[in-house]
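Asks: Okay, here's the structure, questions in a sec.
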Amino acid sequence: MIQEVDQQNEHILKWAQNLFKTQGQLQRFKTGKFNMLIRELNEILLESKNQRYHVEFGQNNQTKRWVEIEIGIRQKVEIYDGNETIEINKIILALQIGKDYPIKDVRVVCKTTFVTPSLADGRNLLPDIQLQHWSYKNQLVNIIKLMPQFIEKVLQYRSDKIFLQNIGQYYLGGTYTIDELKEYPDLERYPVIQQQNAFLQNTLSIRLICLSEAHFYIFEYIENSFDLRLIFRAPLQSCTQLKKSKKNNDEITLIWRNYQNKQEENQLFTMKQYDEFIKSFLKRINYYQHIRISTNSYMHFGQKEGSRIQSIMSNLNILETEIEKKFNQQNINKLMDLYQQAIEFFSSNNDYLYQIYLYKLQTLIQRQDVQVISQFK
């Protein structure tokens, strides 16, 4: 075991030589916090069999911007993947040390999907683990020791989607590489062209939209660099409207509302993957808020078919509002019937909107007050 620890130390020094650009940074890493880190991590490695976690060392192979210490928290968790239940026994958190360590450039990211919304989307979890931002006075090993407690808290509130949404953060102005963003399993990426009005002129800018199960992000490409900079972020439920252009299928408009200052922001994008984006966006936003679909602009139907689905959706929107005021068995039955009609219609036309109405029907059936009323019908 001692030999294994020594080999780990040699690997860390080698990665540090590749990571840091100047001898001063390397020397500071080796003689400063590094010695303390190695001493304390050696204790963890030697006693790992009796601990809830084990430690592995590595380097970010894609970007080479980080020395990574992967910590596997031994924890049994059941997760649902479609219709299957999967049991995982280990949750991996990565403590990443960047070139500006120890002044800054320390963060923690999750690499295991174990809750919904997922934390494995690249958010920096460090402030929620140690309940403060990084300081050069902090000890890295103490962050590792706090990780099991952090996982326990997350699992305690795993049914609270807003709590999970507010854990961790991407920081406005923060820089990332495209390869780095590709590493996170629960972060979808869509290259787009954004149209903006500036000084009475329309400008076109290349952007990257990233969509997690909790947030929406826009990154701009930095000139003469392979890096991207985060310029916009928003929780999914702050989106008030999504529109697809009738003239140009690949044009998408999103309207966001800042509920603190009551201001709205309109964003116009052109994207090739518009169909895939809309499908994923509707599915994810439906987890946070009620969706009102006023038109089906995603498929083209004949006049008779279009009239039928317009009638179904119009009645659905009316009844979904009415049932909150008149909650009775008759309205519940009507709503279930309309959901079923919408599911059958969209499913028969291979339109992914059926998934939205299937989720609505399942949510309604699972409501406790609905189950109580159904028992006494």
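The values are calculated or read from the model by the stated rules, or taken from the named source; none is laboratory data. Since the structure is predicted, the reported quantities are computational estimates derived from the model, not experimental observations. Note: ideal-geometry Cβ built from the backbone for every residue, glycine included; neighbour counts use all protein chains shown. Ligands, DNA and RNA are stripped out before the accessible areas are found, and what is left, the full protein with its side chains, is counted by its heavy atoms. Shrake-Rupley method; radii C 1.70, N 1.55, O 1.52, S 1.80 Å.
Asks: Can you compute 3J(HN,Hα) from phi for each residue in the range 257-262, using the Karplus curve 6.51 cos²θ - 1.76 cosθ + 1.60 with θ = phi - 60°, rounded to whole Hz and x for Gly and Pro?
Replies: 10, 8, 7, 8, 9, 6
Asks: OK, next. Considering only lysines 8 or more places apart in sequence, or on different chains, count the pairs in the range 209-272 whose C-alpha atoms sit under 21 Å apart.
Replies: Step by step, the pairs that qualify in the range 209-272 add up to 5.
Asks: Based on the Kirkwood radius over alpha-carbon pairs, what is the Stokes-Einstein translational diffusion coefficient of the range 119-196 at 4 °C with 1.567 mPa s viscosity, in µm²/s?
Replies: For the chosen part, D equals 88 µm²/s.
Asks: Taking R0 as 41 Å, what FRET efficiency do you get between Ser205 and Ser159 from their Cβ-Cβ distance, rounded to the nearest 0.05?
Replies: 0.55
Asks: What's the FRET efficiency of Lys90 with Arg229 using the Cβ-Cβ distance as r and R₀ = 25 Å, to the nearest 0.05?
Replies: Between Lys90 and Arg229 the formula returns 0.15.
Asks: Right, something else. For the range 138-181, what does the accessible surface come to per residue with a 1.4 Å probe? Please give it in Å².
Replies: 46 Å²
Asks: For the range 184-254, give the percent of accessible area contributed by carbon and sulfur heavy atoms, probe 1.4 Å, rounded to a whole number.
Replies: The C+S portion of the solvent-accessible surface of the range 184-254 is 48 percent.
Asks: Using DSSP to call loops (not H, G, I, E or B), can you name the trypsin sites (Lys or Arg not before Pro) in the range 116-201 whose Cβ has at most 14 other Cβ atoms within 10 angstrom?
Replies: Lys137
Asks: Further question: I need the trypsin sites (Lys or Arg not before Pro) found in the range 310-340, filtered to DSSP loop residues with at most 11 other beta carbons within 10 Å of theirs.
Replies: Lys325, Lys326
Asks: Moving on to the next point. How long is the gain from Arg74 to Gln289 if the chain were fully straight, where each residue apart is worth 0.36 nm and the alpha carbon distance is subtracted?
Replies: 74.0 nm
Asks: Regarding the range 96-232, what is the average projected area of its C-alpha convex hull, in nm²?
Replies: Answer in nm², one decimal: 9.8.
Asks: Hey, another quick one. Take Gln371 and Met336, extend 7 Å from each Cα along the Cα→Cβ direction, and tell me the distance between the two endpoints in nm.
Replies: It is 1.4 nm.
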